[in-house]
Structures are given as structure tokens and as C-alpha cells.
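For reference, the structure is listed below as C-alpha cells.
The values are calculated or read from the model by the stated rules, or taken from the named source; none is laboratory data. Worth saying up front: this structure is predicted, and the values here are computed from it rather than measured. In this analysis, Cβ positions are derived from the backbone assuming ideal geometry, glycine residues included, and neighbour counts consider all displayed protein chains. Side chains included, ligands, DNA and RNA excluded: accessible areas come from the protein's heavy atoms. Shrake-Rupley method; radii C 1.70, N 1.55, O 1.52, S 1.80 Å.
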Amino acid sequence: MELPDSWRNVALGTKGFMPADEGDALHAAALEAAAAVPELPFVEVGSYCGRSTIWLAAAARTAGRVVFAVDHHRGSEENQRGWEHHDPDVVDGEVGLMDTLPFLRRALFDAGVEDWAIPVVGRSALVAAHWTTPASFVFIDGGHGAEPARADFAGWSPLVAPGGTLAIHDVFPDPADGGRAPYEEVYLPALSAGFVERSVTGGLRVLTRA
Ligand code: SAH
Ligand code: MG
């Protein structure tokens, strides 16, 4: 099932890093995961301003689930001042740090999906360390340095239920196409851990647990 244009347009009007075809593939993968695994929620690691979150929340709504959207909202290394993906509009001027939480909340409100997306504000590894509910679908799109990517894989991949899905963003086998960590620290370890690749859409890889 395709995402209705009303939602896709809000998603595409939201600051972020998810192209439309990858967002549609993410949405489809979440619906399939929900069909394969009853009841369990979705988890997104790395929401930024909520662009990908809208696609997932729309799938959650259709499937009768929720998506927990985990992010400390202080930005990844590559979002900080002086880096390629920095946007000065998302800096809290008084604090002097990024704060994308208000943008996420606004995006969820605009899309009408506040009942299906639950922001969890904190460092991913810290949240994962206290998280016990398994997930039908985990989407990893958090920090793309080696350390945070490794911690995301270690913290969240064990929570994918049997038959469930692990989706990974910004996976680039060829170094010419982008950074290494999602490929080396998340994707390759997932294959080693027995996840099976189901689809590739741009930088999005969808794997399932046998
Ligand atoms: N999925 C988003 C893009 C996410 S960008 C979209 O579709 O546009 C990566 C996000 O990961 C940033 O918002 C950053 O704050 C968050 N992040 C990076 N490292 C993190 C960590 N260790 N814990 C929690 N969030 C983290
Ligand atoms: Mg990404």
C-alpha cells in the first residue's frame, strides 16, 4: 500500500534526509513487518525533524501499532556547525546546541500522526540499555560515526523479534557514495548475525530476522 499524498507531502515539506522513494520503501517495509509480527511496535533511531518518522507513523496507524522515535535531538556530528549537514535554523540560540525536538513535534502535528509516533528523547545507547519491549520493526538512522553506529547495532538489533525487520539508512558499500559506519558497523554485522537482506532502495537496506 502506498502512502497517501497528504502524508507524503508533509514528510517532504519537513527538514530531513529521507528521499521520497526511500520513505515509500520504509513505509512498505514497516507494513510488511507488522503483517509478519503481531502486536509489537516499531522503533526509529534518529528522527531529526521527523521526516522519516511520518512515513513510519503512517504505517503504524494503518497497522494498529506505534513507532517510538528515539533521538537526543542534539544532532549527529555531521549536523554540527561547520559540517556538511548543518542547518542554523535548528540551533537553540540560548543553549547554543541543536534542538530538533520542536520541529519533530510540529511535523507530527502537521501530519496528524501524534497518536502513532511517540518521541523518546535521549541518547540511543542509554535508551536501548533500559528498553525491554521487542519490536516488529527497527529503523537505524542515528549517528553515522563508528561509535554511535556500533552502539545502535548492539543496543537495538537484539530487540528485533523473530520474523521482524531491521531497516538501515545510508548504507554505502562503495566509499565514493558516502560514510562507512552504517555499512561497516550496522549492515555487515547484521548479515553476520543472521539477518537476511530483503530489499535495497537507494541507501536504504531492509533485512529480516529469520
Ligand atoms: N531519519 C531522519 C534523519 C536522522 S539524522 C530523517 O528522515 O530525516 C540523525 C539523527 O540522529 C539526528 O537527529 C541526531 O540527533 C540523532 N542522533 C545521532 N546520534 C545519536 C545518539 N547517539 N542518540 C540519539 N540520537 C542520535
Ligand atoms: Mg539517514
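I'd like the full set of residues that are among the polar types (S, T, N, Q) and over 18 Å from Ala63 (Cβ atoms), limited to the range 137-168. First the steps, then the outcome.
Filtering the range 137-168 for residues among the polar types (S, T, N, Q) gives 157, 165.
If the condition is that a residue be among the polar types (S, T, N, Q) and over 18 Å from Ala63 (Cβ atoms), then Ser157 is the only one that fits.
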> What are the residues in the range 14-28 that are within 10 Å of ligand 2 (Cβ to nearest atom) and touching a Cys at 6+ places or on another chain (Cβ under 7 Å), if any?
Replying inline: Gly16
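Of the residues in the range 25-44, how many are out of contact with any Leu (no Cβ under 6 Å at 6 or more places or on another chain) and closer than 16 Å to Gly203 by Cα? Quick ask: steps written out before the conclusion?
Start the filter on the range 25-44 by keeping residues that are out of contact with any Leu (no Cβ under 6 Å at 6 or more places or on another chain), which leaves 26, 28-29, 31-41, 43.
Add one more test, that the residue is closer than 16 Å to Gly203 by Cα, and what stays is 26, 28-29.
Counting residues in the range 25-44 that are out of contact with any Leu (no Cβ under 6 Å at 6 or more places or on another chain) and closer than 16 Å to Gly203 by Cα gives 3.
Kindly evaluate Thr62 against the criterion of being surrounded by fewer than 24 Cβ atoms within 10 Å (Cβ to Cβ), among the hydroxyl-bearing types (Ser, Thr, Tyr), on the phi < 0 side of the Ramachandran plot and within 16 Å of ligand 2 (Cβ to nearest atom). Don't jump to the end; show me each part of the working.
Working: surrounded by fewer than 24 Cβ atoms within 10 Å (Cβ to Cβ): yes; among the hydroxyl-bearing types (Ser, Thr, Tyr): yes; on the phi < 0 side of the Ramachandran plot: yes; within 16 Å of ligand 2 (Cβ to nearest atom): no.
Here the answer is no, as Thr62 does not meet what is asked.
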>> For the range 179-209, which positions are open to solvent by 40 Å² or more (accessible area, probe 1.4 Å), on the phi < 0 side of the Ramachandran plot and part of a loop (DSSP other than H, G, I, E, B)?
In response: Gly179, Arg180, Ala193
> Out of all the residues in the range 169-202, which are touching a helix residue (DSSP H, G or I) at 6+ places or on another chain (Cβ under 7 Å) and either among the β-branched types (Val, Ile, Thr) or within 12 Å of ligand 2 (Cβ to nearest atom) (or both)?
Replying inline: His169, Asp170, Val171, Phe172, Ala181, Pro182, Val186, Thr201, Gly202
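How many of the residues in the range 1-24 are outside any loop (DSSP other than H, G, I, E, B) and more than 21 Å from Leu101 (Cβ to Cβ)? Full working, then the answer.
As a first pass, look at the range 1-24 and keep what is outside any loop (DSSP other than H, G, I, E, B): 5-12, 20-24.
Filter again for more than 21 Å from Leu101 (Cβ to Cβ), leaving 5-6, 8-9, 20-22, 24.
Here the count works out to 8.
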>> Quick test of your reading of the structure: Arg105 fulfils all but one of (1) within 12 Å of ligand 1 (Cβ to nearest atom); (2) assigned to a helix (DSSP H, G or I); (3) open to solvent by 20 Å² or more (accessible area, probe 1.4 Å). Name the failing condition by number.
In response: (1)
>> Being over 24 Å from Leu126 (Cα atoms), part of a helix (DSSP H, G or I) and more than 9 Å from ligand 1 (Cβ to nearest atom) is the filter here; which residues of the range 55-92 pass it?
In response: Ala58, Ala59, Ala60, Arg61, Thr62, Ala63, Pro88, Asp89
> From the list Asn79, Asn9, which one is out of contact with any helix residue (DSSP H, G or I) (no Cβ under 7 Å at 6 or more places or on another chain) and open to solvent by 70 Å² or more (accessible area, probe 1.4 Å)?
Replying inline: Asn9
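Which one is surrounded by the fewest Cβ atoms within 10 Å (Cβ to Cβ) among residues in the range 132-162 that are assigned to a loop (DSSP other than H, G, I, E, B) and touching a residue at least 40 places away in the same chain (Cβ under 8 Å)? Before you say what the answer is, go through the steps one by one.
Of the range 132-162, the ones assigned to a loop (DSSP other than H, G, I, E, B) are 132-134, 141-145.
Next, only the ones that are touching a residue at least 40 places away in the same chain (Cβ under 8 Å) stay: 133-134, 141-145.
Working: Thr133: 10, Pro134: 17, Asp141: 28, Gly142: 28, Gly143: 26, His144: 23, Gly145: 16.
Filtering the range 132-162 for residues that are assigned to a loop (DSSP other than H, G, I, E, B) and touching a residue at least 40 places away in the same chain (Cβ under 8 Å), the one surrounded by the fewest Cβ atoms within 10 Å (Cβ to Cβ) comes out as Thr133.
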>> With open to solvent by 10 Å² or more (accessible area, probe 1.4 Å) and either in contact with a helix residue (DSSP H, G or I) (Cβ under 8 Å, 6 or more places away or on another chain) or closer than 25 Å to Ala210 by Cα (or both) as the only criterion, which of Gly16, Gly50, Gly96 stands out?
In response: Gly16
